[in-house]
2 protein chains.
Amino acid sequence: MSKRAYSLGKVYGLLEPGPAVLASTAHKGQANIMTMSWHTMMEFEPPLVGCVISGRNVTFAALKATRECVINIPTVELAKQVVGIGNCSGKTVDKFSRFGLTPVAASMVQAPLIGECYASLECRVVDTRLVNRYNFFILEVVKAWVDTAVKNPQTLHHRGKGVFAVSGEELRLRSAMK
Amino acid sequence: MSKRAYSLGKVYGLLEPGPAVLASTAHKGQANIMTMSWHTMMEFEPPLVGCVISGRNVTFAALKATRECVINIPTVELAKQVVGIGNCSGKTVDKFSRFGLTPVAASMVQAPLIGECYASLECRVVDTRLVNRYNFFILEVVKAWVDTAVKNPQTLHHRGKGVFAVSGEELRLRSAMK
């Protein structure tokens, strides 16, 4: 993937469709990855993203301690990795190594980008008010990278239990909405 | 659509893929509809849904006052209505009438279901802590209706400015994840 810096004002268009994503973190010298589908845009610019991360995950502790992560958006070629990553724990597995993914240095956070994902969003935690009650973190995207050669990304949309709808045909309608 | 009562424990599988939805409300004798894509699951059961609703929308005032709505999930056949509904205001338009949609009485809330949508989720507001800061409401789904004859729903996933990815092929992978 050849990713370039991407306008923060356009980030909502990447996450609003609801793709399963891979959240990467780095904590105590250990990079880790988590599969995540419970996220939503909360503001256009600066882009804010709300997401639920179970307290059982290594990512939860990393995010609380470092307040940084990268949200990486995979396409269908990575489906097996997306499921595999969701089915093991960073406590016992080096996920970059096991799943053959490439950690790439980010520019504004310590967590690595995942080279094989067509988009990567460097994030900082900006609000933890709902973490205790709902495991809900609010992140600000501080830097975005996208392979803009990917025109109609075949993202994965999780219906539960390993069943995904793959993003298909693109439909363009006249709209004044953002 | 012939919808039947649906297990609340399975609701997450409808919203986790990230479809654009139509939120219906009823307030002061007026039913209204809003197009919404900024939502996320927050808990499996009882199903909790977080969503951002702009303070400029009629839906925002209705939700604050009545604390009830219905989240309806449309498929691609309703794409024009989804965009049309997002491009006009309930202040001046009776959206059920203009867009030829059928209000159907809900069982646990005053807001109507939308007959033409393959799934409808009756919701109550359960947490407004983040409304002032982010326009973020947390809803509990109290009753769900789904047309289970729709096996691979071609839902709409908004990329911004009227561009949608339509849900395509279904992919089934072995997974122990919920």
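Structure summary
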{"quantity": "Rounded if a/c under 1.5, otherwise prolate or oblate - segment A:89-140, Cα gyration tensor axes", "calculated": "oblate"}
{"quantity": "Segment B:1-103: trypsin sites (Lys or Arg not before Pro) in DSSP coil with no more than 12 other Cβ atoms inside 10 Å", "calculated": "B:28, B:56, B:91"}
{"quantity": "Residue A:142 long-range amide H proximity, modeled H, under 5 Å", "calculated": "A:122, A:123, A:124"}
{"quantity": "Rounded Å value of the spacing that divides the Cα centres of segment B:104-178 and segment B:50-80", "calculated": "10 Å"}
{"quantity": "Shortest-first distances to equivalent copies, position residue B:108, nm, label 7 Å out along Cβ", "calculated": "4.1"}
{"quantity": "Amide H within-cut-off set for residue B:68, under 5 Å, with H built and near neighbours excluded", "calculated": "B:125"}
{"quantity": "Test item: A:145-154 mean partner chain Cβ contacts at 10 Å", "calculated": "1"}
{"quantity": "Three-way shape label, segment B:34-102, alpha-carbon gyration tensor, a/c 1.5", "calculated": "oblate"}
{"quantity": "Rounded percent of accessible protein surface that carbon and sulfur make up, segment A:1-65, 1.4 Å probe", "calculated": "49 percent"}
{"quantity": "Between A and B, accessible area buried - total, square angstrom, nearest 100, 1.4 angstrom probe", "calculated": "4900 Å²"}
{"quantity": "Residue A:155 long-range amide H proximity, modeled H, under 5 Å", "calculated": "A:167"}
{"quantity": "Segment A:117-172: trypsin sites (Lys or Arg not before Pro) in DSSP loop, at most 16 other beta carbons within 10 Å", "calculated": "A:129, A:151, A:161"}
{"quantity": "Size of charge dipole - the protein assembly as shown - debye, nearest 20, with Cβ of Lys, Arg +1 and Asp, Glu -1, no other charges", "calculated": "340 debye"}
{"quantity": "Derived scalar couplings ³J(HN,Hα) [segment A:11-20; Karplus, 6.51 cos²θ - 1.76 cosθ + 1.60; whole Hz; x for Gly, Pro]", "calculated": "4, 3, x, 7, 9, 4, x, x, x, 5"}
{"quantity": "Nm distances between copies for residue A:92, ranked from closest, using label points 7 Å along Cα→Cβ", "calculated": "6.2"}
{"quantity": "Karplus (6.51, -1.76, 1.60) ³J(HN,Hα), θ = phi - 60°, over segment A:150-161, in Hz, Gly and Pro reported as x", "calculated": "7, 8, 10, x, 7, 7, 9, 10, 7, 9, x, 6"}
{"quantity": "Rounded to the nearest 20 debye, dipole of segment A:91-155 from Cβ charges on Lys, Arg, Asp, Glu", "calculated": "240 debye"}
{"quantity": "For chain A, calculated [θ]222 nm from helices alone, where every DSSP H run of n ≥ 4 adds -39500 (n - 2.57)", "calculated": "-3500 deg cm²/dmol"}
{"quantity": "Cβ charges +1 (Lys, Arg) and -1 (Asp, Glu), total dipole of segment B:1-92, debye", "calculated": "360 debye"}
{"quantity": "Shape category assigned to chain A from the gyration tensor of Cα positions, a/c cut at 1.5", "calculated": "rounded"}
{"quantity": "For segment B:72-87, 3J(HN,Hα) per residue [Karplus equation, 6.51 cos²θ - 1.76 cosθ + 1.60, θ = phi - 60°, Hz, x = Gly/Pro]", "calculated": "10, 10, x, 10, 4, 4, 9, 4, 5, 5, 4, 6, x, 5, x, 9"}
{"quantity": "Å² per residue, accessible surface of the protein assembly as shown at 1.4 Å", "calculated": "41 Å²"}
{"quantity": "Per the axis that maps chain B onto chain A, nearest residue of B (Cβ criterion) and its distance in Å", "calculated": "B:18, 1"}
{"quantity": "In Å², nearest 10: area of residue B:25 left accessible to a 1.4 Å probe", "calculated": "0 Å²"}
{"quantity": "Share of pairwise Cα separations in the protein assembly as shown, more than 30 Å, in percent", "calculated": "32 percent"}
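The values are calculated or read from the model by the stated rules, or taken from the named source; none is laboratory data. None of the values given here were measured: they were computed from a predicted structure. All Cβ positions, glycine included, derive from the backbone under ideal geometry; neighbour counts span all protein chains shown. Heavy atoms of the whole protein, side chains included, go into the accessibility calculation; ligands, DNA and RNA do not. Shrake-Rupley method; radii C 1.70, N 1.55, O 1.52, S 1.80 Å.
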